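Here's the structure, in structure tokens; my notes come after.
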Amino acid sequence: MIINYFTDNDLYKFSVMYAIQRLYPWSYVKYEFINRGNNHFPKGFAEKMKAEVAHMANLKMTKDEKRYIEKKCYFFDPVFIDFLEGYQYDPNEVNISQNEEGELSVVVEGYWYRTVLWEVPLMAIISELYFQMTNTIPHDVEERAIAKAKNLAEIKADYSEFGTRRRFSFEVQDRVVKCLKEHSKEYFKGTSNIYLAMKHDTTPIGTMPHEWFMYHGALFGYRAANMKALEAWVEVFGGSLGITLTDTYTTDSFFESFSLKQAKLFDGLRWDSGDPFEFIDKTLQFYKENRIDPESKTIVFSDSLNIDMVKRIKEYVGNKMHDTYGIGTFFSNDVGAKPLNMVIKITNVKSSPKGAYHRAVKLSDVHGKNTGDQKEIAICKMTLGLE
């Protein structure tokens, strides 16, 4: 089977799960698979995927995984870690179907604190199963990974591996992480995948997802979304996991609501869409206007990176801020195949199972690259005064 370890998942899913349990235990949500690349899946794909999902009900956190999380994830309390030890995936929360044209539908629905863990492993299953069923063979895994690791070390770029969701396979990601650690030494900071971080004795990396902001925007309004989401995060983590996304409702909107208190408390920002050089300029300007030393802050760059882009960004940043890079598909699915262009996004939220759903949307710093109901996106833009 494709997912064989409970912690074969990204850290950020567990961190937001913890925050949900602490603050919004009754919230109910819906996630949907979005096939941006319009791939047609082989006949029988849905049935094989259902079998993979059913298998996940058998996954349990092992004692070794628990000890590792206790050691590395200092921001989780023992009650939550005990909860994870008893957690079981419920396949009934996932509805999978496929039409005659090969179009795949995946919908996840249930309590948010439970369903939040499905996104990453479902995408990993879709990707690996697709390449299995299309008889695609990976090429030059170690050679490519080693070359990238050496190049990143040469330019002295701190970086982490973020490739679980769209990896070619678990095996490929495992081999890549091994190469990165061995050939980049201190410049390789860790991986988003908790199991692989444990296996390769490195650090699990990750903080908050877009869905955290999307939830707050849907329930509390788009003008209040960023501030409410950040205040809630601080309430749970008290300053830990202090890198925040900016582009859920555009970075310009984010900076308008990013308070001095939050700017001082959060360690830095994550760039995930748009022009990275414009983002650097806006960030430096914001910190300067608020009399904050930008050298004390970090930008995590994480959108469609390759060696050339990392080098260009690093040269542009210079010594003005600490820069680090979260690199995903370029590591875990650069083996001679075309990666799937897909996401699983939260689409509907409500504060309790009995309430009415509110539509959740995500904007972007790329013009026109938005996610969610088009009417709700228009409302969001109008509320925030965006074109």
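The values are calculated or read from the model by the stated rules, or taken from the named source; none is laboratory data. As the structure is a computational prediction, the values presented were derived from the model and not from experiment. Cβ: placed from backbone, ideal geometry, glycine included. Neighbour counts: every protein chain shown. Please note that ligands, DNA and RNA were not included when accessible areas were found on the heavy atoms of the full protein model with its side chains. Shrake-Rupley method; radii C 1.70, N 1.55, O 1.52, S 1.80 Å.
Evaluate the charge dipole of region 58-175 about its Cα centre and quote only its size in Debye, nearest 20, assuming +1 on the Cβ of each Lys and Arg and -1 on the Cβ of each Asp and Glu.
Here region 58-175 has a charge dipole of around 520 debye.
Could you sort Lys181, Lys288, Lys43 by their accessible area in this structure, using a 1.4 Å probe and putting the largest first?
Lys43, Lys288, Lys181
Measuring from a point 7 Å past the Cα of Tyr316 along Cα-to-C-beta, which residues in region 355-387 have an amide N at less than 17 Å?
In region 355-387, the label zone of Tyr316 (backbone N under 17 Å from the point 7 Å along Cα→Cβ) covers 365-367.
Going toward the positive end of the dipole of region 221-325, with +1 on Lys and Arg Cβ and -1 on Asp and Glu Cβ, which of Gly318, Gly221, Phe286 do you reach last?
Phe286
When only Cα pairs under 8 Å and 6 or more residues apart are kept, what is the percent relative contact order across region 170-299?
It rounds to 16 percent for region 170-299.
Enter the Cα centre distance for the pair region 84-158 and region 327-366, rounded to the nearest angstrom.
Their Cα centres are 12 Å away from one another.
How long are the semi-axes of the ellipsoid equivalent to region 221-260, from square roots of 5 times the Cα gyration tensor eigenvalues, in whole Å, largest first?
After scaling each eigenvalue by five and taking roots: 18, 11, 8 Å.
First compute the accessible area of the chain with a 1.4 Å probe, then give the percent of it belonging to carbon and sulfur atoms.
C and S fraction of accessible area: 48 percent.
With a 1.4 Å probe and every protein chain left in place, tell me how much accessible area Met342 has, in Å² to the nearest 10.
Approximately 0 Å² for this residue.
Evaluate the relative contact order of the chain (contact order divided by residue number), counting alpha-carbon pairs under 8 angstrom at least 6 apart; express in whole percent.
23 percent
Output the direction-averaged projected area (hull surface divided by four) of the convex hull of the alpha-carbon atoms of region 218-345, in nm².
About 8.9 nm², averaged over all directions.
Need one word for the chain: rounded, prolate or oblate. Basis is the Cα gyration tensor (sqrt eigenvalues a ≥ b ≥ c); a/c below 1.5 gives rounded, then a/b vs b/c decides.
rounded
When 1/r is averaged over all different Cα pairs and the result inverted, which Kirkwood radius in Å belongs to region 279-387?
Averaging 1/r across every pair of different Cα atoms and inverting gives 17.5 Å.
Limiting things to C-alpha atoms, what are the Rg and the maximum Cα-Cα separation (Dmax) for region 310-370, in angstroms?
Radius of gyration, then largest Cα-Cα span, for region 310-370: 18.5, 53 Å.
Please name whichever of Asn9, Ile81, Ile327 sits farthest to the positive end of the charge dipole of the chain, dipole taken about the Cα centre and charges placed at Cβ: Lys and Arg +1, Asp and Glu -1.
Positive-end residue among those listed: Ile81.
Please report, in debye to the nearest 20, how large the charge dipole of the chain is about its Cα centre when each Lys and Arg carries +1 at its beta carbon and each Asp and Glu carries -1 there.
For this selection, approximately 420 debye.
What net charge do the residues around Ile3 carry, taking every other residue with its C-beta under 14 Å from that of Ile3, with Lys and Arg at +1 and Asp and Glu at -1?
-2
Share of antiparallel DSSP beta bridges in the chain, in percent to the nearest 5?
50 percent
Can you classify region 72-168 as rounded, prolate or oblate using the Cα gyration tensor, where a ≥ b ≥ c are the square roots of its eigenvalues, rounded means a/c under 1.5, and otherwise it's prolate if a/b beats b/c and oblate if not?
Oblate is the answer for region 72-168, as a/c is 1.5 or above yet b/c matches or exceeds a/b.
Could you size up the charge dipole of region 88-149 around its Cα centre, putting +1 on the beta carbon of Lys and Arg and -1 on that of Asp and Glu, and report it in debye to the nearest 20?
240 debye
Based on the Cβ-Cβ distance of Thr203 and Met309, what FRET efficiency does E = 1/(1 + (r/R0)^6) give at R0 = 22 Å, to the nearest 0.05?
In this case the efficiency is close to 0.40.
For region 291-387, calculate the relative contact order in percent as a whole number, restricting contacts to Cα pairs under 8 Å that are 6 or more residues apart.
Over region 291-387, the number comes to 18 percent.
For Thr134, what charge total do you get from the other residues with a beta carbon under 13 Å from its beta carbon, if Lys and Arg give +1 and Asp and Glu give -1?
Here the charged neighbours net out to +2.
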